[in-house]
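In what follows, a single structure is set out as C-alpha cells and then discussed.
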Amino acid sequence: MHALLGENGAGKSTLMNVVYGLTSPDAGEIVFDGRPVTINGPTDAIRLGIGMVHQHFMLIPPLTVAENVILGHETARAGTLDLTEARREVSDLARRHRLEVDPAARAMDLGVGIQQRVEILKALYRGARLLILDEPTSVLTPQEAERLFDVIRKLTAQGTAVIFITHKLGEVMAIADRITVMRRGHVVADTTPADSGPADLARLMVGRPVLLRVDKKPAAPGETLLRIEGLAVDDDRHQPAVNGVDLQVRAGEIVGLAGVEGNGQEELVEAIVGLRTPRGGRVLLRTRDVTRVGTKATLHSGVSFIPADRQRMGAILELAVADNLVLSDYDRSPFARGILRRFQAIWQYALKTIRAFDIRTEGPGQLLGSLSGGNQQKVVVARELSTEPRVLIASQPTRGVDVGSIEFIHRQIVAGRDAGLAVLLVSSELDEVLSLADRVAVMYRGRIVGVLEGDAIERERIGLMMAGAA
C-alpha cells in the first residue's frame, strides 16, 4: 500500500490522472510491469490492469449496483444483456473480496461508504492489479474509513497493489507500507511510517514546521448570541430527525457538536440557517426569532454558514473563484450598486482573499470546478470568515483539506472566537472537536444527550455518549 501524500494542489491527482490516461504527459515515461507503456486513455489503463476510484464517485444513480459494475463490460447471451448472470458475477466478486453489497440495490439508495465499495468492485471487475484511490476517505465517516482500510488490507494481502492519494497523516501512519511526499509538483521524499512520524511528514508536505495541535487560550464567553429552544426537525422522508434540542452558543466560545453522522446534525444545522423548516421549537439570534425568516434573511442577520457538502451546497463549480467568493453578498455594496454589479470591486476583493487564504489558483477568473477539492473548500471557508459574522455555523469545515490548510482554518476560527464570534462546530472528526471546542454537545438519535466542558471533555466519555451509552 503506497501512500501518495501532499497538500491540496501539490499534483497528486494530476500525476495519477496521467497514469490512468485522463491527462497526457508532456515528458517522461511510465514503466508498468517492467516495461515502458503508452497510456492514451482509461481504456489503455484498464487493459493493462490499472483501475482508479475518483474522489467524487462516477456511478449512475438510477442503475443498480450490478448494472454500474458491468457498464461497458456487459455480460451478453444470444445478443441480449444477461442481468441474472451479471448479478451472480458481481455477488461472487464482492464475496471474494469481502465487499458486502447488494447487486440489486440502486446506486441512488446507497450511502457513500457503500458507493465507494461499488467503485472498487468496478475496478476489480475489469481486472485491476493496480488500484488508485483518490482521497478515498474525504466523504466517509470514521467508521466507514476503518472499514475501507480493512478492505485495502485484504486486497493487498491477495496481491493487489494500491496507491492511496491522501493528505491525512493519521491514515498514512495507520495503513501505508511506503510513502511518497509531493510538494508543488515535485517529489520531495520517499519514506516509510517507521522512518518518518506525523510531524516529519507535515513538514515535508508544507515546507515548514506545522503545529499539529490547536494553540488557543481559555475562552471568555459573553452574551448568548445563538439560542435553540425545543427544536424539532424532520428529515427528507418526513421522519423525526431532531427531537426537542435545546442549545446555546455564546459570544467568544466554540461549541462542538459531536456525534456519528446521521444522528440529526445535518438537519439541525439546516434548520438553524433556514434551509429546512422545523416542525417545532425556535431559533433565536440574541432576542430575534429567525426560525422561519428564510436563509437569506438569516445570513444577513450576521450568520455565516460553512456547509458540509461544498459541491452541493457550498459553491457553484461552473462559476469563477471571484464569483464564488461573493455568493452571499453579490447584490450588496461594495459588490453592487442597485442592479449593477461592480466587477472591479469583486476582482480586487478576490485577489486580496486569495492571498490571505493561500488559495492555489491561476487567478480570480479560474473556474472553481477546476480547483482541487481542498482549494474549493478554502474558497468556501474564506468567503464565510471574511464577512465578519456574529455567529458562525461550521459544518465539517476541514473536510478534504490538507494539514497546512487545517492549521490555517483552525487558527482563523480561534481568532474569530477571541474577537467575540460565537461558533457552532459540527465535525465527524472527534480530534477536531476535542482540539477546538470549549464546550462539547453530544448528539445521539436526534437529541442532545449531554454537554461537557472543562476537564469533563474526555475522548472515552464522548465516545460512549456518541454510541448511546449516556
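Checking each residue in the range 325-378 for being of a type in the set (A, V, I, L, M), modelled with pLDDT under 90 and more than 30 Å from residue 6 (Cα to Cα) picks out only 339.
Going by the conditions given, is residue 236 part of a loop (DSSP other than H, G, I, E, B), of a type in the set (D, E, K, R) and surrounded by fewer than 18 Cβ atoms within 10 Å (Cβ to Cβ)? So residue 236 passes the test.
Contact annotation: no residue pair with Cβ atoms under 6 Å, 6 or more positions apart or on different chains, pairs a residue in the range 245-256 that is not assigned by TED's automatic domain parsing to the domain that holds residue 389 and charged (D, E, K, R) with a partner that is assigned to a loop (DSSP other than H, G, I, E, B) and buried (at least 20 other Cβ atoms within 10 Å of the Cβ). In the range 218-233, of all residues being among the small types (Gly, Ala, Ser) and part of a strand (DSSP E or B), the one that is farthest from residue 174 (Cα to Cα) corresponds to 230. Inspect all residues belonging to the range 257-265 and state whether any of them is closer than 16 Å to residue 437 by Cβ, of a type in the set (A, V, I, L, M, F, W, C) and either surrounded by 24 or more Cβ atoms within 10 Å (Cβ to Cβ) or in contact with a helix residue (DSSP H, G or I) (Cβ under 9 Å, 6 or more places away or on another chain) (or both). Looking through the range 257-265, at least one residue is closer than 16 Å to residue 437 by Cβ, of a type in the set (A, V, I, L, M, F, W, C) and either surrounded by 24 or more Cβ atoms within 10 Å (Cβ to Cβ) or in contact with a helix residue (DSSP H, G or I) (Cβ under 9 Å, 6 or more places away or on another chain) (or both). For the range 423-467, taking the residues that are part of a loop (DSSP other than H, G, I, E, B) and at pLDDT 90 or above, the one that is surrounded by the most Cβ atoms within 10 Å (Cβ to Cβ) is identified as 437. Within the range 38-56, the residues that satisfy the criterion of being loosely packed, with under 15 Cβ neighbours inside 10 Å and either of a type outside the set (Ser, Thr, Tyr) or touching a strand residue (DSSP E or B) at 6+ places or on another chain (Cβ under 6 Å) (or both) are 40, 41, 44, 47, 56. One residue stands out among those in the range 254-269 that are in a helix (DSSP H, G or I) and touching a Ser or Thr at 6+ places or on another chain (Cβ under 9 Å): the one that is farthest from residue 445 (Cα to Cα), which is 269. Among the candidates 128, 123, single out the residue that is in a loop (DSSP other than H, G, I, E, B), in contact with a strand residue (DSSP E or B) (Cβ under 9 Å, 6 or more places away or on another chain) and either hydroxyl-bearing (Ser, Thr, Tyr) or buried (at least 20 other Cβ atoms within 10 Å of the Cβ) (or both). After applying the criteria, what remains is 128. Flag not set for residue 273, criterion: out of contact with any Cys (no Cβ under 8 Å at 6 or more places or on another chain), hydrophobic (A, V, I, L, M, F, W, C), more than 16 Å from residue 449 (Cβ to Cβ) and not assigned by TED's automatic domain parsing to the domain that holds residue 393. Under the condition of being in contact with a Gly (Cβ under 7 Å, 6 or more places away or on another chain) and buried (at least 21 other Cβ atoms within 10 Å of the Cβ), the residues counted in the range 291-305 number 1. In the range 35-62, the residues that are over 22 Å from residue 165 (Cα atoms) and not assigned by TED's automatic domain parsing to the domain that holds residue 399 form Cβ pairs under 9 Å with partners that are polar (S, T, N, Q) and not in a loop (DSSP other than H, G, I, E, B), at six or more places apart or across chains, as follows: 60/68.
The rows are residues; the columns are (1) in a helix (DSSP H, G or I); (2) free of Cβ contacts under 8 Å to residues at least 60 places away in the same chain; (3) crowded, with 18+ Cβ neighbours inside 10 Å.
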{"site": "148", "(1), (2), (3)": "yes, yes, yes"}
{"site": "162", "(1), (2), (3)": "no, no, yes"}
{"site": "165", "(1), (2), (3)": "no, no, yes"}
{"site": "172", "(1), (2), (3)": "yes, no, yes"}
{"site": "179", "(1), (2), (3)": "no, no, yes"}
{"site": "187", "(1), (2), (3)": "no, yes, no"}
{"site": "195", "(1), (2), (3)": "no, yes, no"}
{"site": "201", "(1), (2), (3)": "yes, no, yes"}
{"site": "216", "(1), (2), (3)": "no, no, no"}
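Listed here are the residues, each with its yes/no results for (1) within 17 Å of the chain's Cα centre (by Cα); (2) of a type in the set (D, E, K, R); (3) assigned by TED's automatic domain parsing to the domain that holds residue 259.
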residue	(1), (2), (3)
133	yes, no, no
136	yes, no, no
148	yes, no, no
152	no, no, no
155	no, no, no
163	no, no, no
166	yes, no, no
184	no, yes, no
199	no, no, no
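When the strands (runs of 3 or more DSSP E) confined to the range 16-55 are screened for residues that are farther than 12 Å from residue 132 by Cα, those reaching at least 2 such residues are found at 30-32, 35-37.
So which residues in the range 279-317 are on the phi > 0 side of the Ramachandran plot and assigned to a loop (DSSP other than H, G, I, E, B)? Scanning the range 279-317 gives 286, 294, 302.
Can you pull out every residue in the range 160-189 that is touching a Phe, Trp or Tyr at 6+ places or on another chain (Cβ under 8 Å) and among the small types (Gly, Ala, Ser)? Matches in the range 160-189: 174, 176.
Pull up the range 403-419, narrow it to residues that are among the small types (Gly, Ala, Ser) and within 15 Å of residue 306 (Cβ to Cβ), then point me to the one that is surrounded by the most Cβ atoms within 10 Å (Cβ to Cβ). Per the criteria, the residue is 405.
The values are calculated or read from the model by the stated rules, or taken from the named source; none is laboratory data. Here the structure is a predicted model, which is why all the values come from computation and not from measurement. A quick note on method: Cβ atoms are made from the backbone with ideal geometry, for glycine too, and the neighbour counts reach across all protein chains shown.
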